[in-house]
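Contents: one structure, followed by commentary.
The values are calculated or read from the model by the stated rules, or taken from the named source; none is laboratory data. All values reported here derive from a predicted model rather than from experimental measurement. Using ideal geometry, Cβ is built from the backbone for each residue, glycine included, and neighbour counts are taken over all protein chains shown. Calculation scope for accessible area: heavy atoms of the full protein, side chains included, ligands and nucleic acids excluded. Shrake-Rupley method; radii C 1.70, N 1.55, O 1.52, S 1.80 Å.
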Amino acid sequence: MKKHILVVSLGGTITMTKGAAPGLLPTLTADDLLRRAPALASLAEIETWPLASLPSASLGIARIVELARALRQRFAEGCDGAVVVQGTDTLEETAFLLDCLIPEAQPVVVTGAMRGNDAPGADGPANLGDAVRVAADALSRGKGALVVFDGDIHAARFVRKTHTVSLSAFRSVGRAALGSVVEDEVRFWDRGIARVPPIDSVDPARERPVALFRFAMGADDRVLKCLPDLGYGGLVIEGAGGGHVSAALMPAVRELAAKMPVVLASRCPEGPVLRATYAYPGSEMDLLAAGVLHAGDLCGLKARLLLSLLLMSEREEAGVAAQFHARAWCSPLPQREAQ
């Protein structure tokens, strides 16, 4: 019996074609994508949902929270899995949000394309086909949200867009991909990662902006000092190296940490924030002593998303710290047997 897979379209390059004027524009719906890939009908019973037609930079956190709620409802009604197609610019962020919000075992697979659908060598049809295969495969259950791109299967927790134009733009930073689609067969090489309980009681009506501040040589504190008056509810600092800022920023950081959650990530593409190596003013030890929370090996983008969700769920300070502790480090998860 074929699996029932929901294909949700949010827009993005995979739905874009060229018109008479220069440049790509979104023109295709989820149904259009399936009509261009008729072989997908043999893989699963596919239902389409044209939720939006937007470039991914215009997607917001609240929209993805509502999508997660809708997918959970569909899973409760018997849907076996979902594929979400969208633009690649914020694809890793959508996948991470869905991973934080959906505890069900049904696979949620996010994919897209680097080339427009009518371009020579368009990668959208292959990516969509692989995503449907992964969503319909029993071994994908219980692994959380996945990103399928250019034949590779990535955990949402680790995947990053690492190139602006390459067809292999996505990779799992700091570890190998979970698996691949080889000769139309889904193969998992990695045991996966431990699932963390979902963030519940998330209400988009409580959304408060979270600032992302990337430290750079010579940066001053004027932006930081403005955050409370501008209504920001939290801050993520992408520190240099193992998580460092200048000594001149520390008074402003201490003041902010007394008013709102402040999280320390690293601007480096790989590696965790340090905890107890350096003790100079502006070091990771100085920042943590000031009440700044530790993002582990979460990048700044994902730390900001996690803090945004926690603020929407009205977590107390201890609850915010506990969630970052749980999600900042992930241990291996034993391979699930086919069901």
ask   = Among Val263, Thr277, Gly300, whose Cα sits farthest toward the positive end of the charge dipole of the range 205-339 (+1 at Cβ of Lys/Arg, -1 at Cβ of Asp/Glu, about the Cα centre)?
value = Gly300
query = Looking at the range 142-217, which chymotrypsin sites (Phe, Trp or Tyr not before Pro) are DSSP coil and have at most 12 other C-beta atoms within 10 Å of their C-beta?
reply = Trp189
Magnitude of the charge dipole, the range 17-95, Cβ model with Lys/Arg +1 and Asp/Glu -1, debye to 20 = 160
ask   = Can you give the angle from 0 to 90° between the axis of helix 91-101 and the longest principal axis of the chain, with both taken from C-alpha atoms, to the nearest 10?
value = 80
task = Quote to one decimal, in nm, the extra length available between Gln73 and Asp200 on full extension: 0.36 nm per residue of separation minus the C-alpha distance between them.
result = 44.3 nm
key: Rg(Cα)/(2.2 N^0.38 Å) for the range 1-69, N = residue count   = 1.26
key: Chain lengthening between Lys18 and Ala318 when straightened (0.36 nm per residue, less Cα-Cα)   = 102.9 nm
Cα-centre dipole for the range 90-166 with unit charges at Cβ (Lys and Arg positive, Asp and Glu negative), debye to 20 = 140
Label point at Asp32 placed 7 Å out along Cα→Cβ; residues across the range 71-104 whose backbone nitrogen lies under 19 Å = 84-89
remark   = Rg/Rh of the range 153-287 (Cα atoms, Kirkwood Rh), to two decimals, equals 1.06
query = How far is helix 61-76 tilted, in degrees, relative to the longest principal axis of the Cα atoms in the chain, given as a value from 0 to 90 rounded to the nearest 10?
reply = 50
query = Helix 124-136 versus the longest principal axis of the chain: what is the Cα-based angle in degrees, 0 to 90, to the nearest 10?
reply = 90
message = Just want the answer: with Cβ charges of +1 for Lys and Arg and -1 for Asp and Glu, which residue in Val85, Ala68, Leu54 is farthest toward the dipole's positive end in the range 47-92?
response = Ala68
query = Using alpha carbon coordinates only, what is the Rg to Rh ratio of the range 97-191, with Rh defined as the Kirkwood radius?
reply = 0.95
task = Return the carbon/sulfur percentage of the accessible area of the range 1-150, one whole number, probe 1.4 Å, all protein chains in place.
result = 53
ask   = Peptides 313-322, 46-55: what's the order by average Cβ count within 10 Å, highest mean first?
value = 46-55, 313-322
Amide H partners (placed H, <5 Å) of Thr162, local residues excluded = Phe170, Arg171
task = Collect residues whose amide H, placed 1.01 Å from N in the peptide plane, falls under 5 Å from the amide H of Tyr278; neighbours closer than 5 in sequence don't count.
result = Glu284, Met285
inquiry  = Ratio of alpha-carbon Rg to the 2.2 N^0.38 Å globular estimate for the range 214-339, to two decimals, please.
reply    = 1.10
key: Dipole of the chain [Lys/Arg +1, Asp/Glu -1 at C-beta], most positive-end residue of Gly231, Ala252, Ala44   = Ala252
request  = Take each of the peptides 16-25, 177-186, 286-295, average the number of other beta-carbon atoms within 10 Å over its residues, and list them starting from the highest.
outcome  = 286-295, 177-186, 16-25
ask   = About its Cα centre, what dipole magnitude does the chain give when the only charges are +1 on Lys and Arg Cβ and -1 on Asp and Glu Cβ, stated in debye to the nearest 20?
value = 240
